[in-house]
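Asks: Here's a structure for you.
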Amino acid sequence: LFKRLAHCMRIPSRPFAFAAMMVGVLTGTTANPVFASEGWPESVRAVYDVNFNGINVGTFEFTSESKGTSYTLSGHASLSLLLGAFKWSGETRASGAMGGAGPKPSGFTFDFKSNSKSGSTKMSFTEDTVTNVTHVPPPKVRDNIIPIQAQHLKGALDPMSAILLMSKGTSANPCTRR
């Protein structure tokens, strides 16, 4: 999904892979009884430097909050390359509720801006089904893209909630998981 989303919006997929890796630190205990019983933290805030060949090219900040059965996830990435000749920033937000099987998203937004382009993707959910997707600007129609059908929208997660689901493990230390 990350590569598909990145491909549709023509943005590099590596920031998504980096975000996925960073969000993977979401394990631990908390005072929130609903999330604690499932092994989810009540809140997480992490800020990372993004380096390329030892040179700092940006930052990535991730936050998550849980209250009762609800969760909110957000991320912000900012990149600058070639002494500012190329700049890119992105904001992503997801919210939903935790169920027995994992996250049940209610909404997702992704906004990005570079030197030459900007855009957004918004997704709405009802239960485990995507009910609305909006891309601004709309993606170009291409012959090699498989159109989304109704069955593809059932049992779906947004990218941030999918990372939240993948981050849950049986070990309190994510470094010991392989």
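Values in this text are rule-based calculations from the coordinates and carry no lab data. Please read all numbers here as calculations on a predicted model, not as lab measurements. Positions of Cβ are backbone-derived with ideal geometry, glycine not excepted, and every protein chain shown enters the neighbour counts.
Asks: Work through the residues other than residue 45 whose Cβ is under 13 Å from its Cβ and net out their charges, Lys, Arg +1 and Asp, Glu -1.
Replies: Value of the local net charge: -3.
Asks: Please give the peptides 148-156, 53-61, 91-99, 119-127 ranked by average Cβ packing (other Cβ atoms within 10 Å per residue), highest first, as a rough proxy for protection.
Replies: Highest mean packing first, the order is 91-99, 119-127, 53-61, 148-156.
Asks: Can you give the FRET efficiency for residue 101 and residue 63, using 1/(1 + (r/R0)^6), R0 = 25 Å, r = Cβ-Cβ distance, to the nearest 0.05?
Replies: FRET efficiency, residue 101 to residue 63: 0.55.
Asks: Can you give the FRET efficiency for residue 128 and residue 152, using 1/(1 + (r/R0)^6), R0 = 22 Å, r = Cβ-Cβ distance, to the nearest 0.05?
Replies: E(calc), rounded to 0.05, equals 0.95.
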